[in-house]
Amino acid sequence: LPLNPRSAGEKQRRLVCGSRIERKRWGWSRQFKTMKVEDEVRDVIRFIKELGKPNADGKMVLTFGDYFKSDEVQNTLENPFATLKAAKKRGVIDFEGEMLWQGMHDHVELILLNPDF
């Protein structure tokens, strides 16, 4: 019996996408992206240590405006704000609010919580 072209396409798609090679490739891709994000979070720590100043609690602090306007930050990180969000999610830094906008939130402090990440 000839296969229905629609079901043949679906069957072929399942064979390709469900293969062990494809799963390994996607797993490796996710792992590589996680490693890249963690490297960029370490860069954020370095920037805060280099450009920031200690606050009254002894923690390093850098304003968002100084962070965002730094040429080294712009040239090193793919997406400076997304990297800040990733660092906040991992408990490395803290800042007020969820989103920071250049100009409007230049005064917001980026506080380094975990310098040994």
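Among the conditions (1) within 11 Å of the chain's Cα centre (by Cα); (2) more than 13 Å from Pro115 (Cβ to Cβ); (3) touching a residue at least 40 places away in the same chain (Cβ under 8 Å), the only one that Arg42 does not satisfy is (2).
Name the helices (runs of 4 or more DSSP H) wholly inside segment 1-94 in which the number of residues that are at pLDDT below 90 is 2 or more. Steps first, answer last, please.
Numbers: elements: 5-17, 20-51, 64-69, 71-76, 80-89.
Qualifying helices (runs of 4 or more DSSP H): 5-17, 20-51.
Which residues, taken from segment 89-115, are open to solvent by 50 Å² or more (accessible area, probe 1.4 Å) and closer than 21 Å to Ala56 by Cβ? Passing the criteria: Asp94, Glu96, His107, Glu109, Leu113, Asn114, Pro115.
The values are calculated or read from the model by the stated rules, or taken from the named source; none is laboratory data. Being a predicted model, the structure only gives us computed values, none of them experimental. Every residue, glycine among them, receives a Cβ derived from its backbone with ideal geometry; neighbour counts consider all protein chains shown. Each accessible area value is taken on the protein alone, full model and side chains, heavy atoms only, with ligands, DNA and RNA left out. Shrake-Rupley method; radii C 1.70, N 1.55, O 1.52, S 1.80 Å.
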